[in-house]
Amino acid sequence: MILPKDFKKELSPFIDWVHDYLNDVTAYPVKSKVQPKDIYQQIPPQAPEQPEGMQQILQDLTEIILPGITHWQHPNFHAYFPATNSVESIFAEFVTAAIGAQCMIWETSPAAAELEERMMEWLRDAMGLPGHFEGVIQDTASTASLVAILTAREGVTNFRSNFEGVPDNLRIYCSTQTHSSIEKGVGIAGIGRNNVVKIEVDDGLRMIPGQLEAQIAKDLEEGLKPCCVVAALGTTSTVAIDPLKEIADICQKYRVWLHVDAAYAGPILLLPEYRWMIEGIQQVDSFVFNPHKWMFTNFDCTAYFVRDPESLIRTFDILPEYLKTNTRGLVNDYRDWGIQLGRRFRALKLWFVMRGYGLTGLREKLREHLQLNQFFAEEIDQLSDFEIVVPPALNFTGFRYRPAGVNDDSELNQLNKRLLERINRRGNIFLTHTKIKDVYLIRMVIGHTYVEKKHVERALEEIVQVALELTDIR
Ligand SMILES: Cc1ncc(COP(=O)(O)O)c(C=O)c1O
């Protein structure tokens, strides 16, 4: 057991460890190469009876745990969407752990509540979101979208579902490209996953507003109750941007809750030239994005904004005797703004990151990523054996290997699947895939905090080299 007085002495090897990890992360395979249960079997089945020294624990961290880590902070991590950190956010998490506050209500740490309120205002204003939005930090976009669905459900049932149960005729609308968290949330909200209506998309994989309106009108005729529409600003597969203004007008016409899922792409709104994508935002009821994805604030940190905090609070507040305080109503008790009671002090890392980078620094990083992606797409486009399947969208490009003479889509799908598996097995870069209209494509996302052109060049070399090897084998 270490006493606080020995903190400095015991800390120094950990500082070195973290320093080395951050600086040498490229020495590791991006994607862990272990097999199922490799790590589990190295951990003793029982907790130690006697205390162990930090030195031993640190050694095991290096020898047992590190091989089983997929290195999300590796600059050649181009898979999924990134979960970025930064030195600033690491410092903040360190301090957060030391303070160890549980920030469920204002009284349990007034600074946490008030910093959170201010950070949400900073983000709102920096991103050009409406001044009437009020925000709260949630753990993930999945939770925030569930919160939106629950609030919409309460609104459309006059706040009776919480008490009486959920009617069976509520309907939720989103596009075929919407993230699975929406369908999951609808199930959890008791609305029933079968009541999610997936609206078709156009060639750019954006929701078709005309089809949304037709579906809502049809449902109304059949006695169903439109509850919530979810528009995506940046879909998971291809970063498609739904036409918000047209969707917002339909929601206003039929008085349906409009939730915007900008989980990944949200930070792009820090760049004024991208604000075209939020035309119609004044009519939006709720909006979520993840600073933990592309805003250099380590996982977890989700920003959730609402137009009307009263309906959010009415959906979630419940007041047992042991939580009664004299400040209730005068301050934000964020336990009333979501599902959980206990809350981490997440605002601190946003404060560190936004101050440490300044808005200018954040914008510079985003612009660098956009340029790197443009460079990547141009290079892929020039390779005769590759083709761009989804043109560059923000810092994403969808491509596939298409060697001369192979034209059959299912053969190409198999080939690209094998290419991706080989690339990832080698461990120099990490990419993932998606399927669009039965076409298997490889997703390239360039969003790591410290990624540079040399890393993108490395990725290109790797992709080409593995493709050549594959061709030799065929
Ligand atoms: C568009 C979109 N929405 C929601 C999510 C879920 O995010 P979270 O992991 O924060 O729940 C993702 C994850 O990638 C996403 O891309």
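The values are calculated or read from the model by the stated rules, or taken from the named source; none is laboratory data. Keep in mind it's a predicted model, so treat the numbers as computed, not measured. Quick reminder, even Gly has a Cβ in these numbers, built from the backbone with ideal geometry, and neighbours come from all protein chains shown.
Restricting region 9-56 to residues that are of a type in the set (Gly, Ala, Ser) and within 28 Å of the chain's Cα centre (by Cα), the residue that is nearest to residue 91 (Cα to Cα) is 27. Taking the criterion of being among the aromatic types (Phe, Trp, Tyr), under 27 Å from the mean Cα position of the chain (by Cα) and farther than 15 Å from residue 447 by Cβ, the only residue of region 358-408 that qualifies is 399.
How many residues, within region 135-155, are more than 16 Å from the ligand (Cβ to nearest atom) and either in contact with a Phe, Trp or Tyr (Cβ under 7 Å, 6 or more places away or on another chain) or not assigned by TED's automatic domain parsing to the domain that holds residue 291 (or both)? If you could, list the steps in order and put the result at the bottom.
Taking region 135-155 first, the residues more than 16 Å from the ligand (Cβ to nearest atom) are 151-155.
Retained after the next criterion (residues that are either in contact with a Phe, Trp or Tyr (Cβ under 7 Å, 6 or more places away or on another chain) or not assigned by TED's automatic domain parsing to the domain that holds residue 291 (or both)): 152, 155.
Result for region 135-155: 2.
Pairs linking a residue in region 36-48 that is closer than 18 Å to residue 63 by Cβ to a residue that is at pLDDT 95 or above, with Cβ atoms under 6 Å and 6 or more positions apart or on different chains, are 39/68; 42/64.
Determine which member of the set 212, 220, 205 is touching a residue at least 40 places away in the same chain (Cβ under 8 Å) and either in a helix (DSSP H, G or I) or closer than 18 Å to residue 242 by Cβ (or both). Lay out the reasoning, then the answer.
Working: 212 fails: touching a residue at least 40 places away in the same chain (Cβ under 8 Å); 220 fails: touching a residue at least 40 places away in the same chain (Cβ under 8 Å).
Sole residue among the options that is touching a residue at least 40 places away in the same chain (Cβ under 8 Å) and either in a helix (DSSP H, G or I) or closer than 18 Å to residue 242 by Cβ (or both): 205.
For region 173-232, name all the residues that are among the polar types (S, T, N, Q) and more than 21 Å from the chain's Cα centre (by Cα). Hits for region 173-232 are 194, 195, 211, 215. If the condition is being out of contact with any Leu (no Cβ under 9 Å at 6 or more places or on another chain), polar (S, T, N, Q) and more than 11 Å from the ligand (Cβ to nearest atom), then region 156-184 contributes only 158.
Residue 49 falls short of the stated requirement of being assigned by TED's automatic domain parsing to the domain that holds residue 18 and either under 27 Å from residue 451 (Cα atoms) or in contact with a strand residue (DSSP E or B) (Cβ under 9 Å, 6 or more places away or on another chain) (or both). For region 352-372, the count of residues that are surrounded by 17 or more Cβ atoms within 10 Å (Cβ to Cβ), farther than 30 Å from residue 116 by Cβ and at pLDDT 95 or above is at least one.
Determine whether region 419-439 contains at least one residue that is assigned to a helix (DSSP H, G or I), touching a His at 6+ places or on another chain (Cβ under 9 Å) and surrounded by 15 or more Cβ atoms within 10 Å (Cβ to Cβ). Step through it out loud before you land on a result.
Kept after step one, since they are assigned to a helix (DSSP H, G or I), are these residues of region 419-439: 419-426.
Checking the rest, the ones that are also touching a His at 6+ places or on another chain (Cβ under 9 Å) come to 420.
Now restrict to residues that are surrounded by 15 or more Cβ atoms within 10 Å (Cβ to Cβ): 420.
Yes, some residue in region 419-439 is assigned to a helix (DSSP H, G or I), touching a His at 6+ places or on another chain (Cβ under 9 Å) and surrounded by 15 or more Cβ atoms within 10 Å (Cβ to Cβ).
Please name all residue pairs, on different chains or six or more residues apart, with Cβ atoms under 8 Å, provided the first residue is in region 223-240 and is assigned by TED's automatic domain parsing to the domain that holds residue 211 and in a loop (DSSP other than H, G, I, E, B) and the second residue is within 10 Å of the ligand (Cβ to nearest atom) and aromatic (Phe, Trp, Tyr). What qualifies is 234/264; 236/81; 236/264; 239/264.
Figure legend. Inter-residue proximity from region 378-390: first residues without any contact (Cβ under 8 Å) to a residue 60 or more places away in the chain, second residues part of a helix (DSSP H, G or I), beta-carbon distance below 9 Å, spacing 6+ or different chains. Indicated pairs: 387/380; 387/381; 388/377; 388/380; 388/381.
Out of 234, 210, report the one residue that is of a type outside the set (S, T, N, Q) and within 16 Å of the ligand (Cβ to nearest atom). Can you show your working first?
Working: 210 fails: within 16 Å of the ligand (Cβ to nearest atom).
Among 234, 210, only 234 is of a type outside the set (S, T, N, Q) and within 16 Å of the ligand (Cβ to nearest atom).
Of all positions in region 115-126, none carries a residue that is modelled with pLDDT of 95 or more, in contact with a Lys or Arg (Cβ under 7 Å, 6 or more places away or on another chain), assigned by TED's automatic domain parsing to the domain that holds residue 269 and surrounded by 18 or more Cβ atoms within 10 Å (Cβ to Cβ). Could you tell me which residue of region 276-309 is farthest from residue 120 (Cα to Cα), considering only residues that are part of a helix (DSSP H, G or I) and either within 16 Å of the ligand (Cβ to nearest atom) or at pLDDT below 95 (or both)? Filtering region 276-309 for residues that are part of a helix (DSSP H, G or I) and either within 16 Å of the ligand (Cβ to nearest atom) or at pLDDT below 95 (or both), the one farthest from residue 120 (Cα to Cα) comes out as 277.
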